[in-house]
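Bear in mind these aren't lab numbers, they're just calculated from the coordinates by the rules spelled out. Computed from a predicted structure; not experimentally measured. Note: ideal-geometry Cβ built from the backbone for every residue, glycine included; neighbour counts use all protein chains shown.
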Amino acid sequence: MAINRVVPSDAVPFMYVCLCNGLTDTQIRNAIADGARRPKEVYAACNCNAQCGCCTGTMLSIIRDQPAGASQVAVGD
């Protein structure tokens, strides 16, 4: 059983979450801050689509962890 963990954003400058689309946690957090509440909305905000879907569990963890409208400083993107 795979366990998806979210690394605190201050631990590393950024982390790739979606390798298919090259999305980082910073891009995902910025999409959430702009109102995305589901992975489908995050992909749309980043102008891409789900590919293999392996990142959706981590993406959901980030969505649940970050309140809507909470800004994320772009580091390394």
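Miscellaneous remarks
- A simple rule links phi to the HN-Hα coupling: the Karplus curve 6.51 cos²θ - 1.76 cosθ + 1.60 with θ = phi - 60°, which for segment 48-57 gives 8, 10, 4, 10, 8, x, 5, 8, 5, x Hz, with x for Gly and Pro.
- On full extension, the segment bounded by CYS54 and TYR16 gains 12.5 nm, given 0.36 nm per residue less the C-alpha separation.
- Most to least packed among 23-33, 37-47 [average Cβ atoms within 10 Å]: 23-33, 37-47
- Near VAL17, the amide H atoms lying under 5 Å from its own belong to LEU23, THR24, ASP25; only residues 5 or more places off or on other chains count, and H is placed 1.01 Å from N.
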